[in-house]
Amino acid sequence: MKFKDITALASIQGPARSVAERLDRRCYSVGDMRKMAAKRLPKSIFDYIEGGGEDEASMRRNIASYGDWSFMPKWGSVENLSLATTILGGPSSMPLMLSPTGGTRLFHPQGEIAAARAALAAGVPYGLAHLSTTPMEHVAEATPGLRRWFNLEPTNDKVMLQAVLDRVSNAGYEALIVNIDCRDIGHRERDYHNGFTAPPSIKPKTVIEGALHPRWALGFLANDAIAFPNLDAEVPDGPLSSTPDMWRTLLAGAYEPTDWSDLEEIRTRWNGPIILKGCVNPKDAAIAASMGFDAIQVSNHGGRQLDHMASPMDVLPDMVEALDGRMEIIVDGGIRRGSDVIKALALGADACAIGRPYLYGLAAAGEAGVAHVLKMFSQEMTRTMALLGVTSIAELRQGGRELIRHHSESFVRPRPTQAQAELNFAELAAP
């Protein structure tokens, strides 16, 4: 794969600095980046980013669940405020990472490389999907010094597993993110209605959409065809009629359903950190901790798999209690503001991960768009912490539960009994 034309968009957009300046003037939130992405992409491509499974209830609940928590600031000095933290034992400029997303060059010709470069510049980890459209080696070559994590689809084929792990290790990826929520593909009805395929097939509707979005069409046509180079060569090729068919075909054969013994095999064969992604059940989290996994990514796949699945924020307090500090906890799903990240950390998470927000930025303006999204998250987290009265991530995680309240919890303390009132008065009156 040549990837020689991934900078072609620079001639359209102008210098990176001017793009960043225009974003500063026009986009003040992830919502603004979403609107820009919707204008830049054909509807079928945008809906692929945006859509969820079936009725999309899980997707909506992911976002709404953050609104169920309210801040209760404390008064105090907020000098020397810092977002710096550690994730999986390594440094991060803020408690945030870019979650792996498949098919990323569908949204911008620079794809995974643009997102990874923005993560490197921002000082946060980047997760590369097994079904990425850029070879893992190319991403590594383009981002020396980046904390790169690889998203592994588990397999019970030990030969293939070792081959993939060797390739990931040789490419310099420090950690694995192992999916446990893709035993089947969610019923994403937007894609069916749009007739979406990946890569897009040439149909009258596709031609019309391309004509209405010439910037996207030019980038798509001028670069290499969409492919999935991190998959084994034995995975069958051929025409695919729909997105679910594509994923099932690509993962056919070697990627059969797995169980805990297959996950244990991965733990045995990989010497670095492992994150178990797609877990919302505290019992599963406890099993993973006993097996020596390093972190849980509490996630329902952005609401794209099982609909009416518990949202990460709804189960986070139970996860924290079940794990009791034995594993790191990363929250993924529905995060649209820096304040969402602060809420998750106040409840006991170690970090958060974003997917759709940075894809909006990528679709809107390539690497500069992803960088802008990360800058907005940093600014929003800093502002939220200052207004909340905390100066460090460690302080937030240690005492944050006193600064946040669920809407179902009473804000009024129960009136004391007569005996308690008399005891309290006696204590206050004592010399």
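The values are calculated or read from the model by the stated rules, or taken from the named source; none is laboratory data. Just so you know, these numbers come straight off a predicted model, no measurement behind them. Glycine gets a Cβ as well: all are built from the backbone with ideal geometry, and neighbour counts include every protein chain shown. To get the accessible areas, we keep the full protein, side chains included, count just its heavy atoms, and leave off ligands, DNA and RNA. Shrake-Rupley method; radii C 1.70, N 1.55, O 1.52, S 1.80 Å.
Filter segment 109-119 down to the residues that are modelled with pLDDT under 95 and open to solvent by 10 Å² or more (accessible area, probe 1.4 Å) and list them by number.
Applying the first criterion (modelled with pLDDT under 95) to segment 109-119 yields 109-111.
Selection gives 109, 110.
Would you confirm whether any residue within segment 67-81 is open to solvent by less than 10 Å² (accessible area, probe 1.4 Å), in contact (Cβ under 8 Å) with a residue 24 or more places away in the chain and either under 23 Å from residue 278 (Cα atoms) or not in a helix (DSSP H, G or I) (or both)?
No; the residues of segment 67-81 include none that is open to solvent by less than 10 Å² (accessible area, probe 1.4 Å), in contact (Cβ under 8 Å) with a residue 24 or more places away in the chain and either under 23 Å from residue 278 (Cα atoms) or not in a helix (DSSP H, G or I) (or both).
Can you name every residue in segment 272-292 that is in contact (Cβ under 8 Å) with a residue 60 or more places away in the chain and either open to solvent by 20 Å² or more (accessible area, probe 1.4 Å) or at negative phi (or both)?
Scanning segment 272-292 gives 272, 273, 274, 275, 276, 277, 279, 284.
Among the numbered criteria (1) in contact with a Lys or Arg (Cβ under 6 Å, 6 or more places away or on another chain); (2) surrounded by fewer than 20 Cβ atoms within 10 Å (Cβ to Cβ); (3) assigned to a loop (DSSP other than H, G, I, E, B), which single criterion is violated by residue 172?
The one condition residue 172 does not meet is (1).
Out of all the residues in segment 387-431, which are part of a helix (DSSP H, G or I), hydrophobic (A, V, I, L, M, F, W, C) and modelled with pLDDT under 90?
The answer is 419, 421, 423, 425, 426, 428, 429.
Sort through 325, 334, 348 and tell me the only one that's under 28 Å from residue 392 (Cα atoms), assigned to a loop (DSSP other than H, G, I, E, B) and in contact with a strand residue (DSSP E or B) (Cβ under 7 Å, 6 or more places away or on another chain). Reasoning before the result, please.
Numbers: 325 fails: in contact with a strand residue (DSSP E or B) (Cβ under 7 Å, 6 or more places away or on another chain); 334 fails: in contact with a strand residue (DSSP E or B) (Cβ under 7 Å, 6 or more places away or on another chain).
One residue alone meets the criteria, 348.
Quick grid of which residues meet (1) touching a Lys or Arg at 6+ places or on another chain (Cβ under 6 Å); (2) at pLDDT 75 or above; (3) open to solvent by 50 Å² or more (accessible area, probe 1.4 Å); (4) more than 22 Å from residue 299 (Cβ to Cβ):
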{"position": "144", "(1), (2), (3), (4)": "no, yes, yes, yes"}
{"position": "147", "(1), (2), (3), (4)": "no, yes, no, no"}
{"position": "157", "(1), (2), (3), (4)": "no, yes, yes, yes"}
{"position": "189", "(1), (2), (3), (4)": "no, no, yes, no"}
{"position": "209", "(1), (2), (3), (4)": "no, no, no, yes"}
{"position": "213", "(1), (2), (3), (4)": "no, no, no, yes"}
{"position": "221", "(1), (2), (3), (4)": "no, no, yes, yes"}
{"position": "247", "(1), (2), (3), (4)": "no, no, no, no"}
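For segment 312-326, what are the residues that are farther than 16 Å from residue 95 by Cβ and open to solvent by 10 Å² or more (accessible area, probe 1.4 Å)?
314, 315, 317, 318, 321, 322, 324, 325, 326
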